Amino acid sequence: RLLIIDFGSQVTQLIARRLRELNVYCEIHPYQNVTDAFLAEFAPKAVIFSGGPDSVVRDGSPRPPTSVFDSGVPILGICYGQQVMMQELGGKVEGGKISGGGGTAEFGRAYVTPTSEKIGLLDGWFAGDDDREQVWMSHGDHVSQLAPGFEVYGTSPNAPYAITADTARNFYAVQFHPEVHHTPNGAKLYENFVRTAGFDGDWTMGAYREEAIRKIREQVGDKRVICGLSGGVDSSVAAVLIHEAIGDQLTCVFVDHGLLRQNEADEVVSMFRDNYNIPLIHADESELFLGELEGQSDPETKRKIIGKLFIDVFQKHANDIEGAEFLAQGTLYPDVIESVSFSGGPSVTIKSHHNVGGLPEKMGLKLVEPLRELFKDEVRALGRELGLPNSFIGRHPFPGPGLAIRCPGEITREKLKILRKADAVYIDQIRKHGLYDDIWQAFVAILPVRTVGVMGDGRTYDYACALRAVTSVDGMTADYYPFSHEFLGETATRIINEVPGINRVTYDVTSKPPGTIEWE
Ligand code: XMP
């Protein structure tokens with residue numbers, strides 16, 4: 001296994017992700033924990049030093065234990081990792097913002113060109129016509145003198161020591177970040193490094209599952225765990241994984257707020273109870289939620305009512321589970337980065353997001369977050385590994401407040417019933433045309449307006465609805481899906497024929513921004 005020593009970079013997890021893509025098992029440990037004893041016990045086959053926000057020229061800044069350099073394993077240093085490696089091995093590092101010294105603070109895109117003969121780390125690099133590679137730089141300090149034994153193999157205008165190595169000891173150090181998307185050929189560097197270190201790339205999601213199970217057992221011991229199930233992919237995968245680890249020490253609580261899609265509650269309950277035998281409390285609280293929402297039409301008010309009730313209800317049911325000490329959450333890595341980089345930032349609240357962020361403290365529970373290191377597509381892969389059905393794993397995202405935010409204006413049982421039906425027909429159409437997996441999210445919103453129509457020989461006065469379908473990578477930006485007119489026409493006809501209460505269908509062609517994906 002490979003050890004990543006984390007010096008606090010925002011993108012350390014991306015290194016782990018690149019390695020998982022190469023089927024190499026790695027663990028990230030914060031530098032404070034990596035002592036000589038830890039290293040001896042861990043016995044890594046290779047080590048990567050991450051980047052970090054500190055400056056190696058500052059007294060007391062983070063260091064790796066010196067024994068790492070004597071252990072004989074290959075080491076790759078990234079950015080701060082490069083600088084700390086040089087400093088520790090006898091080179092020099094200077095603080096940023098020094099002009100004219102052949103190196104200054106640098107943030108963003110840069111181009112690296114080769115300086116001498118190529119080494120194994122650079123296989124597949126500098127192969128293009130212009131003999132250069134785009135890389136992403138983000139550093140204040142820079143190396144000003146190499147440590148003994150090192151040579152330069154790549155340079156950029158602002159980073160004369162962009163790629164350096166002591167090939168005799170298998171020490172490699174780069175100033176840029178090969179793990180980010182903006183270093184397009186960066187994965188190749190990691191691949192070359194792990195091959196040099198003797199990894200075959202035979203690690204799989206199956207092995208991840210085993211490791212995750214081991215960690216859950218170690219953390220939880222014989223205590224009880226509560227897991228809030230939403231029916232979404234993340235909480236479901238977390239629940240199945242935890243159940244595999246600790247069996248009936250896990251109890252799931254599924255809060256049914258009455259704002260779910262057609263048959264959704266039944267499907268969730270039967271999947272978990274019948275297929276997986278997971279103890280599940282189905283908290284059917286639709287009367288309570290719909291009662292409190294009666295007469296409310298302001299989007300933020302609706303969201304806040306649902307958010308608060310959700311927490312109350314969850315807490316009420318969780319309190320019945322005796323001796324619970326842990327709360328399981330399907331937190332993913334992107335949630336972790338967002339909360340680190342944006343918390344307390346000056347951003348404006350567009351929508352009060354539904355989450356259970358404050359719950360663990362409120363209930364005095366510790367968190368179990370077995371998906372914290374994974375990205376969405378990796379969670380899906382893990383779900384498949386755990387035997388969850390493909391149709392379930394590939395489901396579009398569904399928001400916590402459910403159909404409430406697809407029903408602008410006042411929510412009534414009648415409108416919800418119409419909306420559920422129309423949504424089911426629309427999704428059926430999308431599946432029948434083989435488009436479901438090309439679309440990131442699709443749903444119907446029922447509009448707070450009635451319009452006049454004519455059906456048969458009679459006049460109708462029914463609701464209008466809007467179809468929404470978007471493409472997106474992460475939900476932060478989105479584009480409307482370019483359905484054919486034929487598809488739209490056919491779908492409108494089906495909805496009007498099959499769903500009493502709707503007599504007009506529109507298609508929402510707004511991108512995000514300026515629109516949002518949901519209507520509220
Ligand atoms: P918007 O409408 O903000 O939605 O463009 C972006 C993505 O987030 C989902 N969404 C939510 N998810 N709780 C959630 O768990 C919420 O309160 C919430 N609001 C929006 C939305 O479905 C889309 O995928």
Checklist entry - Counting alpha carbon pairs within less than 8 Å and at least 6 residues apart, what relative contact order, in whole percent, applies to the range 354-468? => result 19
Item to check | Amide H contacts under 5 Å for Leu327, placed H, 5+ residues apart | outcome: Ile226, Lys366, Leu367, Val368
Checklist entry - What area, in nm² and to one decimal, does the C-alpha convex hull of the chain cast on average over all directions? => result 28.2
Item to check | Karplus-derived HN-Hα couplings along the range 257-267 (A = 6.51, B = -1.76, C = 1.60, θ = phi - 60°), whole Hz, x at Gly and Pro | outcome: 8, x, 10, 8, 7, 4, 6, 5, 4, 4, 5
Checklist entry - What net charge is computed for the residues neighbouring Gly515, neighbours being all others with C-beta under 12 Å from the C-beta of Gly515, Lys and Arg scored +1, Asp and Glu -1? => result -2
Item to check | Sequence of Glu218, Glu264 once ranked by neighbouring C-beta atoms within 10 Å, starting from the fewest | outcome: Glu218, Glu264
Next on the checklist: From the helices alone, meaning DSSP H stretches of at least four residues, give me the mean residue ellipticity at 222 nm for the chain, per-run term -39500 (n - 2.57), in deg cm²/dmol to the nearest 500.
Outcome noted: -10000 deg cm²/dmol
Checklist outcome for this item: Given the candidates Ile119, Ala187, Asn158, the one whose Cα lies deepest towards the positive end of the charge dipole of the range 2-196, counting +1 at each Lys or Arg C-beta and -1 at each Asp or Glu C-beta, is Ala187
Checklist entry - What relative contact order, as a whole-number percentage, does the range 205-393 give when Cα pairs under 8 Å and 6 or more residues apart are counted? => result 28
Checklist entry - Counting Lys +1, Arg +1, Asp -1, Glu -1, what net charge surrounds Ser352 among other residues with beta carbon under 9 Å of its beta carbon? => result +2
Item to check | Semi-axis lengths (Å, descending) of the ellipsoid that matches the C-alpha gyration tensor of the range 2-196 | outcome: 23, 20, 15
Next on the checklist: If amide hydrogens are placed 1.01 Å from N in the peptide plane, which non-local residues have theirs closer than 5 Å to the one on Asn158?
Outcome noted: none
Checklist outcome for this item: With the charge dipole of the chain built from beta-carbon charges (+1 for Lys and Arg, -1 for Asp and Glu) about the Cα centre, the Cα from Gln10, Ala212, Gln83 projecting farthest to the positive end belongs to Gln10
Item to check | Sorted by Cβ neighbour density within 10 Å, fewest at the top, the residues Glu179, Glu210 | outcome: Glu210, Glu179
Checklist entry - What is the helix-to-structure angle for 485-498, meaning the angle in degrees between its Cα long axis and the longest Cα principal axis of the chain, kept from 0 to 90 and rounded to the nearest 10? => result 40
Checklist entry - Helix 413-432 versus the longest principal axis of the chain: what is the Cα-based angle in degrees, 0 to 90, to the nearest 10? => result 60
Next on the checklist: Is there a quick way to get the dipole size of the range 2-196? I mean about its Cα centre, with the Cβ of Lys and Arg at +1 and of Asp and Glu at -1; what is the value in debye to the nearest 20?
Outcome noted: 180
Next on the checklist: Taking the Cα centre as origin and putting +1 on Lys and Arg beta-carbons and -1 on Asp and Glu beta-carbons, what dipole magnitude results for the chain, to the nearest 20 debye?
Outcome noted: 620
Checklist entry - Mind checking the dipole of the range 205-393: about its Cα centre, +1 per Lys or Arg Cβ, -1 per Asp or Glu Cβ, Debye to the nearest 20? => result 400
Checklist outcome for this item: Yeah, the range 386-428 with a ≥ b ≥ c from its alpha-carbon gyration tensor (a/c under 1.5 is rounded, else prolate when a/b outruns b/c, oblate otherwise) is prolate
Item to check | Residue among Val425, Leu447, Tyr507 farthest towards the positive dipole end of the range 412-507, charges placed on Cβ | outcome: Leu447
Item to check | Residue order, fewest to most surrounding Cβ atoms within 10 angstrom, among Thr477, Thr66 | outcome: Thr66, Thr477
Next on the checklist: Shape verdict for the range 133-268, please, from the Cα gyration tensor: rounded (a/c under 1.5), prolate (a/b greater than b/c) or oblate.
Outcome noted: prolate
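No value in this document is a laboratory result; all are computed from the given coordinates. Small disclaimer: the values here were computed from a predicted structure and weren't measured. Every residue, glycine as well, gets a Cβ built from its backbone with ideal geometry; the counts of neighbours run over all protein chains shown.
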